[in-house]
Structure formats: C-alpha cells, structure tokens
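Data first, discussion second: the structure below is written as structure tokens.
Derivation of every value follows stated rules applied to the coordinates shown; laboratory data play no part. The shown structure was predicted, so the numbers you read here are calculated from the model rather than taken from an experiment. Don't worry about glycine lacking a Cβ; one is built from the backbone with ideal geometry, like all the others, and counts go over all protein chains shown.
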Amino acid sequence: MNYLFLLKRFDLWLLFGIVVALLIFAFQPVEDPIVADDPEEEVLSGTLQLPGVEKELQEEPPFEVKKVAVESTEQGQVVAVTLLARAETETPIPINEKTLRATTGDGLPVPRFFAPFQDEQSLLPGEESMITVRFWLAEASDSIWLDFQGARAKAVFPEES
C-alpha cells in the first residue's frame, strides 16, 4: 500500500509542526529567577532588595489618601478609602490583608469589607496607581490608620451633614 498520500494532508503537517514546536519549547534551558527568602514579608516592610542593587530611602511616602467615603448601616459603617500609591518593586504588589493593614485609633484591626465579585487589586510596578479599598467598622469612628510598605497615614472620615 502506498503511504505517500499522507504527505499531502495539511492537518498532519500542522500536527507535526505543533509537536516539533512543543519539543523545542520543552527542552529550552530555564533561567533561575532571583528568589528572596520570604518575599511576602519583604513586600510588607517595603525593603525588597535584589542582590547587588542598592535602594535609596524614599523622601515621599509610598501612598497618599485621596478620598474617604463612609456609608452608615444599622450594624456599622462601610468605609471606602481611595489611595494613590506607587509600587517601588519590579513586580506588582497585591493589595490584600497582608500588604495593607488598617487599625482604629485604639490599635484594633479593621477588617476588609467582603465583596464577593471584586477581583484583588494590585499596584503596578514603577507607576502610580489609584485604588479603592473598602473596610468594615462595627462601631462608629471618625478615622482609621492605614499601614502600607512601612509608611502610615490617617484616613479621616468626612463630617456627616
């Protein structure tokens, strides 16, 4: 039986090309990334340093409170804080409970407001990003403290009219 008719089929040539490309990709040498001991802890403190790279101390804080909105409910308050922040690392910094902490004036932690369909926000490296974070306060207050990358700022609630 003559099998030369298989060479005329386009789908077989396409399959052969895909297999060859996958084999070439699979056997490429891999470069080792620079891995820190505990990158989450270093991102929290804002001291992520690459070997051989000296980082100067910043004069300006890594974030600034731009707007604070408070929505009162029967059970407490929902506080929406809009921040202008800059990531000084080369990787995006996720904004979560580990990287952005909120406390009351008494030092009690303020939990994040649960939003089931909201994706986790992150700061893009090397540029300023505007993010809005929502917190839940069970008891009425007039301000909260925000801690991010070793800096601290006070978010003062607007006066109710």
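If I ask for residues that are under 14 Å from Thr99 (Cβ atoms) and among the aliphatic types (A, V, I, L, M), which ones from region 125-152 would you list?
Ile131, Val133, Leu146, Ala151
What are the residues in region 103-127 that are loosely packed, with under 14 Cβ neighbours inside 10 Å and either of a type in the set (Phe, Trp, Tyr) or in a strand (DSSP E or B) (or both), if any?
Pro109, Phe114, Phe117
Taking region 1-30 as the search range and keeping residues that are of a type in the set (A, V, I, L, M) and part of a loop (DSSP other than H, G, I, E, B), which one is surrounded by the most Cβ atoms within 10 Å (Cβ to Cβ)?
Start the filter on region 1-30 by keeping residues that are of a type in the set (A, V, I, L, M), which leaves 1, 4, 6-7, 12, 14-15, 18-24, 26, 30.
Within this subset, residues satisfying the condition of being part of a loop (DSSP other than H, G, I, E, B) are 1, 30.
Working: Met1: 3, Val30: 5.
Here the answer is Val30.
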